[in-house]
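What follows is calculated from the coordinates using simple rules that are stated; it is not laboratory data. Note that the structure is a prediction, hence the values are computed from the model and not measured. Don't worry about glycine lacking a Cβ; one is built from the backbone with ideal geometry, like all the others, and counts go over all protein chains shown.
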């Protein structure tokens with residue numbers, strides 16, 4: 001742990017891009033121990049369908065409330081962008097780039113000095129690709145990227161999510177990962193049930 005760096009983070013402020021509530025659990029706790037209060041940012045146009053986007057947002061919203069942290073969100077929703085990749089494989093690199101650029105831009109707009117992402121806790125994500133996207137976005141928007149590595153604490157974060165009663169998704173997020181998921185049928189049933197409820201906030205399609 002770099003105490004001098006943590007002092008700089010506390011002084012300049014930190015934006016924590018959050019892909020979902022469960023993945024945010026341990027990073028928030030880590031920063032709490034280090035005396036850092038990040039601003040959470042939900043910017044995930046890759047999460048499909050809209051019902052899933054809303055379920056993950058609401059889980060994060062609840063976590064932000066019980067941890068007493070500020071939460072901002074981007075309403076952008078990009079299912080049509082992802083569908084354009086049909087036959088070209090999973091657009092993981094596009095996914096990382098778009099989200100890290102959204103996060104870096106938001107950090108700049110909020111006059112924060114640092115940003116990072118809860119994606120860095122998942123052993124199922126492409127860790128180095130996220131780091132590369134984060135560094136590039138930081139350089140583009142003039143905000144310092146924090147290349148954290150929380151992967152060994154993934155199970156601990158999931159345990160915390162269970163204790164807090166958070167919704168825990170069964171696939172990465174995009175329509176391609178849903179199709180490949182062993183839990184596709186269960187997820188789609190959950191989406192149908194959730195769509196009967198009020199949607200707050202309502203995502204906006206990417207142009």
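Give the peptides 8-15, 68-75 in descending order of average Cβ contacts within 10 Å, highest first.
On the way: 8-15: 17.6, 68-75: 15.1.
Result, highest mean Cβ count within 10 Å first: 8-15, 68-75.
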- Coordinate range along principal axes, alpha carbons of segment 98-160, Å, largest first: 34, 22, 16
- Protection proxy (average C-beta count within 10 Å per residue), highest first, orders 108-117, 142-151 as 108-117, 142-151
- Message: Between residue 124 and residue 61, what is 0.36 nm times their sequence separation minus the Cα-Cα distance? Round to one decimal in nm.
- Response: 20.3 nm
- Query: What ranking do 34-43, 161-170 get when scored by the average of other Cβ atoms within 10 Å per residue, highest first?
  - Reply: 34-43, 161-170
- Item | Distant alpha-carbon pairs in segment 1-135 (separation over 23 angstrom), percent | 31 percent
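What FRET efficiency would be calculated for the residue pair residue 140, residue 72, taking the C-beta separation as r and a Förster radius of 25 Å, to the nearest 0.05? Write down the numbers at each step before the final one.
Details: r = 19 Å, r/R0 = 0.77.
Computed FRET efficiency for residue 140 and residue 72: 0.80.
Fully extended, how many nm does the chain gain between residue 163 and residue 5 (0.36 nm per residue separation, minus their Cα-Cα distance)? Write out the running numbers ahead of the final one.
Working: separation 158, 0.36 × 158 = 56.88 nm, distance 3.14 nm.
Length gained between residue 163 and residue 5: 53.7 nm.
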